[in-house]
Amino acid sequence: MTFQPRSQSEAEFSAEVSYQGVASAVVVFHPAATRGELPRSVPSVDGFGAAPLGAGSGVAAALSHQLAAQRRLCDALEAIADGLPDDLDAQQTLHVARSIGPGIRRAHRFEEDTVFPVLKTSRDASPELSGTLQRLHFEHWEDESFGDELADKLIDYVRTRAAAKHCKASQAGFPRRMGSFGIVAAEPAGSSANPAAEALGYMLRGFFEGLRRHIAFEEEHLVPLLAKIG
């Protein structure tokens with residue numbers, strides 16, 4: 001599956017999670033059958049990527065703190081994927097999207113600047129440790145790149161849905177879609193086909209499932225080793 005290049009640059013969106021004045025952030029989408037109900041709740045990502053715990057708590061505890069925060073991000077992304085195509089809170093979705101890049105990078109910098117050096121200089125380090133840390137480093141790079149693309153796609157999806165909400169169909173009950181040669185074709189209401197939502201769901205699950213595997217490995221191998229080192 002091929003995804004389009006991201007449509008916004010980092011300069012167009014601040015890494016700070018602030019949504020005052022963003023018109024699309026206040027739009028909430030509901031499926032026709034459930035209008036009047038609240039949209040699906042997305043788990044909070046507050047604190048995701050925050051500074052690690054103080055030195056007194058130990059590097060192992062600080063890493064556990066970071067990994068738990070990344071798990072909360074995965075839970076929030078899974079809730080968004082489950083809510084596609086329409087059962088989304090736009091403001092929550094934008095909040096999560098704009099948290100991905102900055103939070104992931106802060107967590108990775110902590111691991112590579114603090115955790116990895118501690119492990120490398122430990123007398124308990126195994127001969128295979130260097131290769132393992134190198135593999136984790138490349139996974140960090142891949143997650144950051146994938147996360148940036150995913151964040152852009154989430155923001156594009158929310159904005160596109162907000163724009164579509166204000167478009168009026170030319171025929172009652174028959175939303176229009178663009179056919180071949182620019183001809184507008186009628187599509188019966190209730191059609192479930194939504195390629196954009198399907199592609200976004202595929203991206204979401206690919207990202208959070210891969211990140212969960214990465215987290216599980218570090219929880220199983222790095223945290224116990226750091227606890228042993230003290």
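The values are calculated or read from the model by the stated rules, or taken from the named source; none is laboratory data. Bear in mind that the values here come from a model prediction, so they are computed numbers and not experimental data. So basically every Cβ, Gly included, is an ideal-geometry build from the backbone, and we count neighbours across all protein chains shown.
Suppose we keep only residues that are without any contact (Cβ under 8 Å) to a residue 60 or more places away in the chain and surrounded by 15 or more Cβ atoms within 10 Å (Cβ to Cβ) within segment 126-143. Which one would you say is nearest to H95 (Cα to Cα)?
H140
List the pairs whose first member sits in segment 96-125 and is touching a residue at least 60 places away in the same chain (Cβ under 8 Å) and outside any helix (DSSP H, G or I), whose second member is of a type in the set (F, W, Y) and buried (at least 16 other Cβ atoms within 10 Å of the Cβ), and whose Cβ atoms are under 7 Å apart, counting only residues at least 6 apart or on separate chains?
Qualifying pairs under 7 Å: none.
When you check R161 against the structure, is it charged (D, E, K, R) and free of Cβ contacts under 8 Å to residues at least 12 places away in the same chain, yes or no?
No: the conditions fail for R161.
Per-residue answers, yes or no, for (1) at pLDDT below 95; (2) more than 24 Å from the chain's Cα centre (by Cα); (3) closer than 26 Å to I100 by Cα:
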| residue | (1), (2), (3) |
| --- | --- |
| D124 | yes, yes, no |
| W141 | no, no, yes |
| S145 | no, no, yes |
| E149 | no, no, yes |
| A164 | yes, no, yes |
| R177 | yes, yes, no |
| I183 | yes, yes, no |
| A189 | yes, yes, no |
| L200 | no, no, yes |
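Does A81 fit the bill of being aliphatic (A, V, I, L, M), surrounded by fewer than 21 Cβ atoms within 10 Å (Cβ to Cβ) and modelled with pLDDT under 95?
no
Out of (1) crowded, with 21+ Cβ neighbours inside 10 Å; (2) in contact with a Leu (Cβ under 8 Å, 6 or more places away or on another chain); (3) more than 30 Å from A227 (Cβ to Cβ), the odd one out for D152 is which?
Answer for D152: the failing condition is (2).
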